[in-house]
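> Before I ask anything, let me first share the structure, which is written out below as structure tokens.
The values are calculated or read from the model by the stated rules, or taken from the named source; none is laboratory data. Model, not experiment: these values are computed from the prediction. Note that each Cβ is placed from the backbone with ideal geometry, even for glycine, and that neighbours are counted across all protein chains shown. Accessible surface is based on the protein model in full, side chains and every heavy atom, while ligands, DNA and RNA are left aside. Shrake-Rupley method; radii C 1.70, N 1.55, O 1.52, S 1.80 Å.
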Amino acid sequence: MLTTSSALPVTSSVHAEGVSNDEFRAAMTRLAAGVVLVTAHEPALAPDGPRGEDVGMTATAFVSVSLYPPLVLVSLREGSRMDDLLDEQPLWGVSVLAESQRHIAGRFSMKGRISDRLLFEDIPCSRGEASGALLVGGALATLECSTEQRIPAGDHTLVIGRVLTARVPSTDGGPLTYFKGRYRQLG
């Protein structure tokens with residue numbers, strides 16, 4: 001017979017018995033993932049004020065959700081700069097990074113990093129027409145999205161976006177992947 005105890009509260013911070021943070025993290029590093037750069041443009045503070053800044057974040061938790069309508073999902077650390085920005089700015093971009101763009105992924109995944117404006121300085125980018133977000137030149141694909149839904153999930157926010165534009169500007173090279181805690185190339 002299965003019983004539950006009212007003495008043990010069920011909260012999002014409780015792990016299944018025997019699963020530690022380190023064990024879970026180690027298991028998940030065995031799942032290869034594509035690497036993308038999620039970008040958005042901060043809105044100006046005042047209508048006649050200076051433009052807001054461009055913001056970027058490396059993500060490996062990015063997936064296609066639906067073909068009709070075209071939807072994607074990205075997982076953002078709760079309270080991160082990108083999570084806060086996409087809570088107020090519904091338009092964002094995604095650049096699917098090529099294996100030759102490892103330096104971009106590393107640059108935008110650093111903790112305590114310098115201003116995003118400086119990080120974008122020497123990266124060839126174009127501004128998306130639908131989102132206003134920067135899209136990386138040489139990326140395998142670029143998407144522009146509008147937030148449809150935000151779902152709290154543990155210490156992350158799942159952001160589901162409707163794809164407004166999808167382009168495949170480059171067919172050269174393979175994808176940048178993340179496996180066992182490192183950026184890797186296929187093959």
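> Calculate, for the chain, the solvent-accessible area per residue in square angstrom, rolling a 1.4 angstrom probe over the heavy atoms of the protein chains. Working shown, then result.
Numbers: 11470 Å² over 187 residues.
Each residue of the chain exposes 61 Å² on average to a 1.4 Å probe.
> Have a look at segment 76-187 and give its Rg and Dmax from the Cα atoms, expressed in angstrom.
For segment 76-187, the Cα-based Rg and Dmax read 14.5, 40 Å.
> Which FRET efficiency value, to the nearest 0.05, do you get for Asn21 and Glu53 by plugging their Cβ-Cβ distance into 1/(1 + (r/R0)^6) with R0 = 25 Å?
0.15
> Looking at the calculated P(r) for segment 102-146, what percent of the C-alpha pair distances fall above 17 Å?
37 percent
> Rounded to the nearest 0.05, what FRET efficiency do Thr29 and Ser66 give with R0 = 30 Å and r taken as the Cβ-Cβ distance? Could you check?
Working: r = 28 Å, r/R0 = 0.93.
E between Thr29 and Ser66, to the nearest 0.05, is 0.60.
> Heavy atoms only, probe 1.4 Å: what % of the accessible area of the chain goes to carbon and sulfur, would you let me know? Could the numbers behind the result be given before it?
Details: 6400 of 11470 Å².
So the carbon and sulfur contribution to the accessible surface is 56 percent.
> Additional query: Using label points projected 7 Å from each Cα along Cα→Cβ, tell me how many nm separate Glu42 and His103, to one decimal.
About 2.6 nm separates the two model spin labels.
> Would you kindly find the accessible area of Arg117, with a 1.4 Å probe and non-protein molecules such as ligands, DNA and RNA excluded, rounding to the nearest 10 Å²?
140 Å²
> Only one of the values [x] 10, 35, 29, 10, 6, 6, 3, 1; [y] 9, 31, 24, 15, 10, 7, 4, 1, 0; [z] 8, 33, 34, 15, 6, 2, 0 was calculated from this structure for P(r) over Cα pairs in 10 Å bins from 0, in percent; name its label.
[z]
> In nm, to one decimal, how far is the Arg184 label point from the Glu129 one, both placed 7 Å along Cα→Cβ?
The answer from the label model is 3.9 nm.
> Tell me, what is the 1.4 Å probe accessible area of Lys180, in Å² to the nearest 10?
For Lys180, the solvent-accessible surface is approximately 100 Å².
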